[in-house]
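Visitor: Below you will find the structure I want to go over with you.
The values are calculated or read from the model by the stated rules, or taken from the named source; none is laboratory data. Please read these numbers as outputs of a predicted model, since none were measured by experiment. All Cβ positions, even for glycine, are placed from backbone atoms using ideal geometry, and neighbour counts span all protein chains on display. Accessible surface areas use protein heavy atoms only, side chains included; no ligands, DNA or RNA. Shrake-Rupley method; radii C 1.70, N 1.55, O 1.52, S 1.80 Å.
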Amino acid sequence: MLFKTFSAAVFGIDAYLVEVEVDISAGNANFMTVGLPDAAVRESRERIKSAIKNCGLDFPFQNITVNLAPADVKKEGSGFDLSIALGILGTTGVLLKPDLKDYLFLGELALDGGLRPIKGALSIAGMVRHKGIRKLVLPRENAREAAVVQEVEVYAMRSLPEVIDLVNETRPFAPAKVNTAEMLAAASQYPVDFRDVKGQMHAKRAIEVATAGGHNILMIGPPGAGKTMLAKRIPTILPPLTFEEAIQTTKIHSVAGVLEPGLGLVGTRPYRSPHHTISDAGLIGGGAVPRPGEVSLAHNGVLFLDELPEFQRNVLEVMRQPLEDGTVTIARAAMSLTFPSRFMLAAAMNPCPCGFFNDPSRECTCTPPQIQRYVSKISGPLLDRIDIHIDMPAVKYRELRDDASGEGSDQIRARVISARDRQLRRYQGEKIYCNAQLSPRQMRKYCNISAECERLLESAMTRLGLSARAHDRILKVSRTIADLDGAESIGVPHISEAIQYRSLDRNYWA
């Protein structure tokens, strides 16, 4: 006897439909799964057998063949357990409906028949709506996430017997409902604030400029200067996530399995801070079946790299494509996947191996060649993609003990949003969204400067020893500073401030 159910799997951050066909015939009680299953799918037979028995139901001692279609796509994970178990029960007459085409089932089975959560519920719910399937049945831990998708009835189940009751309609079940606006508002609270940071007014201003224009930033300072503390607060001054951004961010986190339990929607800008021992696959993504890496998990948020020169050279170099294109493509022999990765890069480093170069209170023990080698670990092409780099001196005692609180994140965010809105209006039809994305052609159009600004920039290039790569960066940052001031054109004060944000060119790189 043949019985069909429907399930789903995730490919990249999108889902595809899997038809589960279960056939039972007379024989020696063999259980075979075909359709390119991985080890977790093949092991499902033991979980399913125990779950059915422990729920007080009869398991058929006959030949069981399970086909997962399309058969030419590799299936992985334990999310097919529930669908396969229902297919087996359908062949034995436990299910009263001969056709379950209106349902899609997901869930890993525990040995007692309970349901355990799966990855990628939001992506699967979107696919279910696209395919016109009305009812999605999945573990209760995934219900809030899947219920974000409208026009799909999402049923949160605890166990296999509950699913059987749902299908047989022996007792009523209400679909899960969520208010997406309330969910996004509740999830958009940050536990940190810029008001917590003492001193470092120059660094705070530089970070405000960086977030207003979408510029990448590098902070250089001795240990304990507050680089990490400032970086953790960058998401709090970025514009709030739109609903579309929240959906895309949640998809990535759900597929990667890092979505917090019970959290239906990611409401805050992501902040990722990988350790400097991370591999290139961990940063970019990879695996036999590629998974999102840190650059994709930071999509729509901030990727913070502390101790930047300590990262392996090849790890830093693989970031060049996502920094440039906003996507990362991972190619394998059998597949090629593209993950979104548009993020703001914030990096921090010591000025030298010992950390106290240019520190007035501590003596640096490093020689000039050691400092040059240390700084040179950051390649030119990567440095080309970092618009702002600033020196951060150690915080003085009086600043630490000062009770006066500085500006909070809300006040800074209001200015950043205003500057971003000006850029969105200016670049309508240009397919860019902020000043950091300006191409050379667009810079000639939108970054015109007066003769006085030209003289100031020329003087800075010659007298301060600024490198050639600094020219375009200074113009882009100047455009952002002008937007923060509400100015239509770039002025001398804007150029002067932008020149200050080239520490590596002035003090180290040259």
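Visitor: Whole-Hz ³J(HN,Hα) for each residue in the range 111-127, computed from phi via Karplus 6.51 cos²θ - 1.76 cosθ + 1.60 with θ = phi - 60°, x for glycine and proline: what do you get?
Guide: Here the 3J(HN,Hα) series is 5, 8, x, x, 10, 10, x, 10, 9, x, 4, 5, 4, 5, 4, x, 5 Hz.
Visitor: Moving on. What number comes out for accessible area per residue over the range 245-379 if the probe is 1.4 Å? Units Å², please. Numbers along the way, then the final one.
Guide: Values: 5540 Å² over 135 residues.
That works out to 41 Å² per residue.
Visitor: Magnitude of the Cβ-charge dipole of the chain, K/R +1 and D/E -1, about the Cα centre, nearest 20 debye?
Guide: 660
Visitor: Run a plain Debye calculation on the range 159-254 (Cα atoms as equal point scatterers, no solvent) and give log10 I(q)/I(0) at q = 0.19 Å⁻¹, rounded to two decimals, same order as the q list.
Guide: Log10 I(q)/I(0), no solvent term: -1.04.
Visitor: Right, another one. Mind checking the range 168-201 for trypsin sites (Lys or Arg not before Pro) that DSSP puts in a loop (not H, G, I, E or B) and that have at most 16 other Cβ atoms within 10 Å?
Guide: Sites meeting the loop and neighbour criteria: 177.
Visitor: Taking amide hydrogens as modeled 1.01 Å from N in the peptide plane, which residues meet the under 5 Å criterion relative to residue 387, leaving out close sequence neighbours?
Guide: Long-range HN contacts for residue 387: 216.
Visitor: Can you list, by residue number, the Cys in the chain that have no neighbouring cysteine C-beta under 4.7 Å?
Guide: Within the chain, the cysteines lacking a partner Cβ under 4.7 Å are 55, 354, 364, 434, 447, 453.
Visitor: Can I ask one more? Please list, in chain and number order, the residues 5+ apart from residue 291 or on another chain whose amide H is under 5 Å from its amide H, with Hs placed from the backbone.
Guide: 286
Visitor: How big is the C-alpha Rg of the chain next to the rule-of-thumb value 2.2 N^0.38 Å, as a ratio? Mind showing how you got there, number by number?
Guide: Values: Rg = 27.8 Å, N = 510, 2.2 N^0.38 = 23.5 Å.
Computed over Cα atoms of the chain, the ratio equals 1.18.
Visitor: Sorted by mean Cβ packing within 10 Å, highest first, what order do the peptides 97-109, 423-435 take?
Guide: On the way: 97-109: 19.8, 423-435: 14.4.
Highest to lowest by the protection proxy: 97-109, 423-435.
Visitor: What order, most packed first, do the peptides 62-68, 84-90, 440-446 have when packing is the mean number of other Cβ atoms within 10 Å of each residue?
Guide: Numbers: 62-68: 19.6, 84-90: 25.9, 440-446: 12.3.
Going by the mean number of other Cβ atoms within 10 Å, highest first, we get 84-90, 62-68, 440-446.
Visitor: Per residue of the range 352-369, in order, report the coupling 6.51 cos²θ - 1.76 cosθ + 1.60 (Karplus, θ = phi - 60°) as ³J(HN,Hα) in whole Hz, putting x for Gly and Pro.
Guide: 7, x, 7, x, 10, 5, 6, 7, x, 9, 10, 8, 7, 9, 8, 7, x, x
Visitor: Tell me, what is the percent relative contact order of the range 362-487, built from C-alpha pairs under 8 Å that lie six or more residues apart?
Guide: Here the relative contact order equals 33 percent.
Visitor: Toward the positive end of the charge dipole of the chain, about the Cα centre and with charges on Cβ (Lys, Arg +1; Asp, Glu -1), which of 361, 170, 287 goes farthest?
Guide: Checking the options against the dipole of the chain, the answer is 361.
Visitor: While we're looking at this one, here's another question. Rounded to whole Hz and in sequence order, give me ³J(HN,Hα) for the range 40-47 from the Karplus expression 6.51 cos²θ - 1.76 cosθ + 1.60, θ = phi - 60°, writing x for Gly and Pro.
Guide: 5, 6, 5, 6, 4, 4, 6, 5
Visitor: Starting from the range 433-508, pick out the GluC sites (Glu not before Pro) whose DSSP state is loop and whose Cβ has at most 12 other Cβ atoms within 10 Å.
Guide: On the way: sites: 452, 454, 458, 488, 497; in loops: 488.
Those that pass, being in a loop and sparsely packed, are 488.
Visitor: Quick one: of 135/177; 101/251; 198/476; 204/232; 49/74, which pairs are farther than 21 Å apart, Cα to Cα? It would help to have the intermediate numbers written out before the result.
Guide: Values: 135/177 13 Å; 101/251 25 Å; 198/476 29 Å; 204/232 12 Å; 49/74 23 Å.
Among 135/177; 101/251; 198/476; 204/232; 49/74, the Cα-Cα distance tops 21 Å for 101/251; 198/476; 49/74.
Visitor: Average projected area of the Cα convex hull of the range 48-184, in nm²? Mind showing how you got there, number by number?
Guide: Numbers: hull surface 35.2 nm².
One quarter of the hull surface, i.e. the mean projection, equals 8.8 nm².
Visitor: For residue 347, list long-range residues whose amide hydrogen, built 1.01 Å from N in the peptide plane, is under 5 Å from its own amide hydrogen.
Guide: Sorted by chain and number, the residues that satisfy this are 217, 218, 219, 305.
Visitor: Ignoring any ligand, DNA or RNA, what whole percent of the accessible area of the chain comes from carbon and sulfur when the probe is 1.4 angstrom?
Guide: Heavy-atom surface of the chain belonging to carbon and sulfur, 1.4 Å probe: 49 percent.
Visitor: As a test of the formula, what do you get for the chain when each DSSP H run with n ≥ 4 contributes -39,500 (n - 2.57) and the sum is divided by the residue count, at 222 nm and rounded to the nearest 500 deg cm²/dmol? Walk me through the numbers on the way to the answer.
Guide: Working: 22 runs with 191 residues, N = 510.
Rounded to the nearest 500, the figure is -10500 deg cm²/dmol.
Visitor: Starting from the Cα gyration tensor of the range 220-325, multiply each eigenvalue by 5, take the square root, and state the resulting semi-axes largest first in whole Å. It would help to have the intermediate numbers written out before the result.
Guide: Values: eigenvalues 107, 76, 28 Å².
Working through the eigenvalues yields semi-axes of 23, 20, 12 Å.
Visitor: Taking the dipole about the Cα centre of the chain, with the C-beta of Lys and Arg at +1 and of Asp and Glu at -1, give me whichever of 133, 194, 222 is farthest to the positive side.
Guide: 222
Visitor: Also, I was wondering about something else. What ratio of Cα Rg to 2.2 N^0.38 Å holds for the range 10-76? Don't skip to the end; give the middle numbers.
Guide: Details: Rg = 13.3 Å, N = 67, 2.2 N^0.38 = 10.9 Å.
So the Cα radius of gyration is 1.23 times the expected 2.2 N^0.38 Å.
Visitor: Among the DSSP beta bridges whose two residues both lie in the chain, what percent are antiparallel, rounded to the nearest 5? Kindly include the intermediate steps, with their values, before the conclusion.
Guide: On the way: 27 of 55 bridges.
Counting only bridges with both partners in the chain, antiparallel ones make up about 50 percent.
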